[in-house]
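The values are calculated or read from the model by the stated rules, or taken from the named source; none is laboratory data. Given the structure is predicted, the values throughout are model-derived calculations rather than measurements. Neighbour counts run over all protein chains shown; Cβ positions are idealised from the backbone, glycine included. Heavy atoms of the whole protein, side chains included, go into the accessibility calculation; ligands, DNA and RNA do not. Shrake-Rupley method; radii C 1.70, N 1.55, O 1.52, S 1.80 Å.
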Amino acid sequence: MKLLDMTLKYGNATHDYPFSPYAVPEGFRGKPEYEYDLCIGCTACAVACPSNAMNVELNEAKDKLVWEFDCGRCIYCGRCDEVCPTGAIRLGQNFETAVRFNKEDLIETGELELEHCLKCNKAFTTKKLIAYCVQNFLKVGWTQEVIDEKTKYIQTCPECKKHDAAGLITDYKGARR
Amino acid sequence: MSKTYIVPSDINELNTLEDKLQLLKDIKRSFSVYRIDCGSCNGCEIEIFASITPMWDPERFGFKLVANPRHADILLCTGPLTRHMYYPLLRAYEAAPDPKIVIAYGACGCTGGIFHDSYSTWGGIDKVIPVDVWLPGCPPSPATTIFGLATAIGVLEQNLKRVDHKDGGVKPPVIEESFFGNTLFERDIVSKTKVLMGYLHGRILYKKYVDAVKKSTDIYNPVKVKYELIEAIKNESDPRYKECMQIIHNDVYLKHLKTYKSIDDTNPALSFTKEEMDEIYG
Ligand code: SF4
Ligand code: SF4
Ligand code: SF4
């Protein structure tokens, strides 16, 4: 009888989930949610991800850059959220991530258009990334000359920059300002 | 490591998809789970035991942990499958009655997780034995565990689907106009807030700081901006935000202001002094 009284006093502690929705606590780190329209393919998330759950690679035909996320490997650390410059990736509240019979359902991908190097015409980054940077240049308050030089500089692939370092310094003085 | 285990044909024959669905129908709401630790870091174990507490009470829908694989309907495998746990896993797998459901538990069980490229692991349970349910998370929270078990027995439907985004075009997201006339200012505040308070609280700090600065009638006047910040700091209850707002003002705002006009940033009317910073902590 005493035990029953105690039980009544403290009430029912069991969560009703899964028969009714469960509200996660504030600051809960759920599945990273990807906003395709905001992603510029800068690969910051792929570099930051400690478990390689996020990858940004060329596709097989080598004509698109593919962002790929494997939820099965994610450890919910939030580093991708921290580094993403556009907010394309944010840790959400979704905790219902289990899948049955088909592992492919854990995967999410996004294709992005490629940009080619001004000098060697090799694909090295995405069109969106370049356009994003150019848009940013316009809002810093530089002169048109500096902006033009910087735009040319970012449209050159890292290899060309390395091999032709001396030429570039003379070509794009503005990039060093 | 390459695949060396081939599921024996007698086990294979008894474990077709139809058999498994029939098993799920037969066991309905009473299933026994045997937990195999394949080299997990123990985070997953702790969460499994957290989810069988009265808080979550999975016995409501028949979940019961058993101590022997011969009693089990479901094998719950945690960990990235280390080399040493290879044979124990196979023994448990073969000992469990057919048909059996295998759940790969945690990021490690699904794909190897954070240990996926380690020399001593196989990188996931499904590299060796056939897996039916993948339950990601590192570790999966009790809610995720309950969801995964409910999905495994068919009480709930999975709600993830493979998504492939295509043809997004080349238009980048629009960058907001800088209120300071220079987006580098915002960029520096964002990076400073992240350094000071991390990405989650840093975002809140950013908002608090920018709101305070925007209130000022002339954002290029450091005395007025400092006044607004002092007001905001008075209304703020968390000392971490108070201190960080002062640091941003000294380190970022005054630095950027110098590109517009020459100021003396040691002048106590413009910047926060050490005494003012110490005051926060009383
Ligand atoms: S960091 Fe953000 S913008 Fe960059 S590739 Fe990842 S999701 Fe896209
Ligand atoms: S939360 Fe961590 S592990 Fe998951 S995708 Fe982001 S960086 Fe990778
Ligand atoms: S998934 Fe995470 S918590 Fe679970 S065993 Fe692996 S590292 Fe540990």
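One residue alone among B:Lys194, B:Lys207 is modelled with pLDDT of 90 or more, within 31 Å of the chain's Cα centre (by Cα), under 30 Å from A:Leu129 (Cα atoms) and exposed (fewer than 12 other Cβ atoms within 10 Å of the Cβ), and that residue is B:Lys207.
Listed here are the residues, each with its yes/no results for (1) open to solvent by 10 Å² or more (accessible area, probe 1.4 Å); (2) away from ligand 1 (no atom under 16 Å from the Cβ); (3) in contact with an Asp or Glu (Cβ under 6 Å, 6 or more places away or on another chain); (4) not in a helix (DSSP H, G or I).
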{"residue": "B:Ile114", "(1), (2), (3), (4)": "yes, yes, no, no"}
{"residue": "B:Gly123", "(1), (2), (3), (4)": "no, yes, no, yes"}
{"residue": "B:Asp126", "(1), (2), (3), (4)": "yes, yes, no, no"}
{"residue": "B:Val131", "(1), (2), (3), (4)": "yes, yes, no, yes"}
{"residue": "B:Gly137", "(1), (2), (3), (4)": "no, yes, no, yes"}
{"residue": "B:Ala143", "(1), (2), (3), (4)": "no, yes, no, no"}
{"residue": "B:Gly148", "(1), (2), (3), (4)": "no, yes, no, no"}
{"residue": "B:Thr151", "(1), (2), (3), (4)": "no, yes, no, no"}
{"residue": "B:Gly154", "(1), (2), (3), (4)": "yes, yes, no, yes"}
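Only residues that are more than 20 Å from B:Ile27 (Cα to Cα) and open to solvent by less than 10 Å² (accessible area, probe 1.4 Å) were counted across region B:46-76, and they come to 2.
If you check A:Val47 against the conditions, is it open to solvent by 30 Å² or more (accessible area, probe 1.4 Å) and either in contact with a Phe, Trp or Tyr (Cβ under 9 Å, 6 or more places away or on another chain) or among the hydroxyl-bearing types (Ser, Thr, Tyr) (or both)?
Criteria not met by A:Val47.
Note on region A:16-32: residues that are open to solvent by 80 Å² or more (accessible area, probe 1.4 Å) and either more than 16 Å from ligand 3 (Cβ to nearest atom) or away from chain B (no Cβ under 12 Å) (or both) total 5.
Tell me which helices (runs of 4 or more DSSP H) are completely within region B:178-282 and hold 1 or more residues being aromatic (Phe, Trp, Tyr), or say none if there are none.
Working: elements: B:183-215, B:222-235, B:239-248, B:254-257, B:274-279.
Fully inside region B:178-282 and qualifying: B:183-215, B:222-235, B:239-248.
Taking the stated definitions as given, is B:Asp117 within 23 Å of the chain's Cα centre (by Cα) and within 12 Å of chain A (Cβ to nearest Cβ)? Considered against the rule, which asks whether it is within 23 Å of the chain's Cα centre (by Cα) and within 12 Å of chain A (Cβ to nearest Cβ), B:Asp117 comes out as yes.
Considered as a group, the residues in region B:157-181 that are of a type in the set (A, V, I, L, M, F, W, C) and open to solvent by 40 Å² or more (accessible area, probe 1.4 Å) include one that is nearest to A:Tyr17 (Cα to Cα), and that residue is B:Val163. The residues listed here are B:Arg29, B:Arg83; of these, the one that is open to solvent by 30 Å² or more (accessible area, probe 1.4 Å) and within 25 Å of B:Cys138 (Cβ to Cβ) is B:Arg83.
Is region B:98-105 home to any residue that is assigned to a helix (DSSP H, G or I), under 20 Å from B:Asn15 (Cβ atoms) and more than 16 Å from ligand 2 (Cβ to nearest atom)?
Checked against the condition, which is being assigned to a helix (DSSP H, G or I), under 20 Å from B:Asn15 (Cβ atoms) and more than 16 Å from ligand 2 (Cβ to nearest atom), region B:98-105 yields no hits at all.
Here the helices (runs of 4 or more DSSP H) wholly within region B:1-89 that include at least 1 residues being among the basic types (Lys, Arg) and out of contact with any helix residue (DSSP H, G or I) (no Cβ under 9 Å at 6 or more places or on another chain) are B:17-27.
Considering region B:29-63, and only residues there that are touching a Gly at 6+ places or on another chain (Cβ under 8 Å) and free of Cβ contacts under 8 Å to residues at least 60 places away in the same chain, the residue that is nearest to ligand 1 (Cβ to nearest atom) turns out to be B:Asp37. Taking A:Thr126 as the residue in question, decide whether it is assigned by TED's automatic domain parsing to the domain that holds A:Lys161, open to solvent by less than 30 Å² (accessible area, probe 1.4 Å), within 13 Å of ligand 1 (Cβ to nearest atom) and not basic (Lys, Arg). Answer is yes for this residue. Restricting A:Ala61, A:Ala88 to those that are more than 11 Å from ligand 2 (Cβ to nearest atom) and open to solvent by 70 Å² or more (accessible area, probe 1.4 Å) reduces the list to A:Ala61.
State yes or no: is A:Lys152 more than 12 Å from chain B (Cβ to nearest Cβ), part of a loop (DSSP other than H, G, I, E, B) and either free of Cβ contacts under 8 Å to residues at least 24 places away in the same chain or open to solvent by 20 Å² or more (accessible area, probe 1.4 Å) (or both)?
So A:Lys152 does not fit the description; no.
Rundown of residues vs (1) touching a strand residue (DSSP E or B) at 6+ places or on another chain (Cβ under 8 Å); (2) in contact (Cβ under 8 Å) with a residue 40 or more places away in the chain, yes/no style:
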{"site": "A:Glu96", "(1), (2)": "no, no"}
{"site": "A:Val99", "(1), (2)": "yes, no"}
{"site": "A:Asp105", "(1), (2)": "yes, no"}
{"site": "A:Ala123", "(1), (2)": "yes, yes"}
{"site": "A:Phe137", "(1), (2)": "no, no"}
{"site": "A:Trp142", "(1), (2)": "no, no"}
{"site": "A:Glu145", "(1), (2)": "no, no"}
{"site": "A:Cys157", "(1), (2)": "yes, yes"}
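Sort out which residues of region A:71-85 are open to solvent by 10 Å² or more (accessible area, probe 1.4 Å), touching a residue at least 24 places away in the same chain (Cβ under 8 Å), touching a helix residue (DSSP H, G or I) at 6+ places or on another chain (Cβ under 8 Å) and away from ligand 1 (no atom under 14 Å from the Cβ), and write them in order of number. The one that is open to solvent by 10 Å² or more (accessible area, probe 1.4 Å), touching a residue at least 24 places away in the same chain (Cβ under 8 Å), touching a helix residue (DSSP H, G or I) at 6+ places or on another chain (Cβ under 8 Å) and away from ligand 1 (no atom under 14 Å from the Cβ): A:Ile75. Listed by first and then second residue, the pairs linking a residue in region A:42-62 that is within 16 Å of ligand 3 (Cβ to nearest atom) to a residue that is among the basic types (Lys, Arg), with Cβ atoms under 8 Å apart and 6 or more places separating them unless they lie on different chains, are A:Cys49/A:Arg79; A:Pro50/A:Arg79; A:Ser51/A:Arg73; A:Asn52/A:Arg73; A:Ala53/A:Arg73.
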